[in-house]
1. State the number of residues belonging to the range 87-118 that are within 30 Å of residue 56 (Cα to Cα) and either surrounded by fewer than 16 Cβ atoms within 10 Å (Cβ to Cβ) or modelled with pLDDT of 85 or more (or both).
2. Of all residues being touching a strand residue (DSSP E or B) at 6+ places or on another chain (Cβ under 6 Å) and either modelled with pLDDT under 80 or within 30 Å of residue 110 (Cα to Cα) (or both) in the range 32-61, which is surrounded by the most Cβ atoms within 10 Å (Cβ to Cβ)? Just the residue, please.
3. State yes or no: is residue 69 surrounded by 15 or more Cβ atoms within 10 Å (Cβ to Cβ) and at pLDDT below 90?
4. Output yes when any residue across the range 8-16 is in a loop (DSSP other than H, G, I, E, B), surrounded by 14 or more Cβ atoms within 10 Å (Cβ to Cβ) and at pLDDT below 90, and no when none is.
């Protein structure tokens, strides 16, 4: 999984942002679900390519045990990406709400990407520090061994 994947779910907590779950990154956030319920519940908003059908929010099967994925009621395919695509393009959302939701999503995605990069850099620095410490210990061991002779 790419850390900056377009479908990652970012949680907007009271004090900070967080990446929901690296194993289940595509579910809709609470804010996205609220926007869907508020602005999209009365019109078609989920498209299943396999069934060639469009669905209302009430038609979609919500897989609660499978991490709140929106599924096609006919074939059970995951339609979460289709639902999210609709949400960010829906003309029923006030333009300011849509703009701010997209800006928050982009900022959160950037934050997740940067945190992965920083974690990678920290791993490299940790490995370098561990290698330097191992070299120091080896030099100390050899020095003590030479002093004994």
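The values are calculated or read from the model by the stated rules, or taken from the named source; none is laboratory data. What you are looking at is a predicted structure, and each value in this text was computed from that prediction instead of being measured. Cβ coordinates were reconstructed from backbone atoms using ideal geometry, including for glycine residues, and neighbour counts include every protein chain displayed.
1. Keep residues of the range 87-118 that are within 30 Å of residue 56 (Cα to Cα), which gives 87-109.
If we keep only those that are either surrounded by fewer than 16 Cβ atoms within 10 Å (Cβ to Cβ) or modelled with pLDDT of 85 or more (or both) too, we end up with 87-104, 106-107.
Number satisfying all stated conditions: 20.
2. Taking the range 32-61 first, the residues touching a strand residue (DSSP E or B) at 6+ places or on another chain (Cβ under 6 Å) are 44, 46-47, 54-55, 60-61.
Remaining after also requiring either modelled with pLDDT under 80 or within 30 Å of residue 110 (Cα to Cα) (or both): 46-47, 61.
Working: 46: 25, 47: 17, 61: 15.
Selected residue: 46.
3. yes
4. First, pick out the residues of the range 8-16 that are in a loop (DSSP other than H, G, I, E, B): 8-9, 13-16.
Imposing the further condition that a residue be surrounded by 14 or more Cβ atoms within 10 Å (Cβ to Cβ) reduces the set to 8-9.
Then drop every residue that is not at pLDDT below 90, which leaves 8-9.
The answer is yes; a qualifying residue exists.
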